[in-house]
Amino acid sequence: MGSGGIPRMIRGSVVVQRRRCGKPNCRCADGEQLHEATVLSYSEGGRNRTVMLSPGEVKAVAAAVARYRAARAKLEEQANAGLAALLARPASARRGR
Ligand SMILES: [Zn+2]
């Protein structure tokens, strides 16, 4: 995939998975030298899923995840400020008609 193929924002977490491949004669079979793969971990419909990332994608995907988190935090902050402003209205305004 070219460098332009990564979306600007991505929900999930970039994590390194370590696991056995299952081949009996592989170096990973003794459990000491496991294979490492960088994946995007995300939840969908209440289930945790992962998607493999190629080495060339990791940096851009991690940046897109960070962008989403920053945007989400900012949105949360604005919504909390809105709630605080609503709750701070004078009592007379709260009574309605
Ligand atoms: Zn292996």
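The values are calculated or read from the model by the stated rules, or taken from the named source; none is laboratory data. Source: prediction; values computed, not measured. Note that we place each Cβ from the backbone using ideal geometry, even for glycine, and neighbour counts take in every protein chain shown. Remember, those area values only see protein heavy atoms, side chains included, never the ligands or the DNA or RNA. Shrake-Rupley method; radii C 1.70, N 1.55, O 1.52, S 1.80 Å.
The residue list G22, G45, G5 contains one member that is open to solvent by less than 80 Å² (accessible area, probe 1.4 Å) and either in contact (Cβ under 8 Å) with a residue 24 or more places away in the chain or away from the ligand (no atom under 11 Å from the Cβ) (or both), which is G5.
A single entry from A60, A29 fulfils the requirement of being hydrophobic (A, V, I, L, M, F, W, C), within 16 Å of the ligand (Cβ to nearest atom) and open to solvent by less than 100 Å² (accessible area, probe 1.4 Å): A29.
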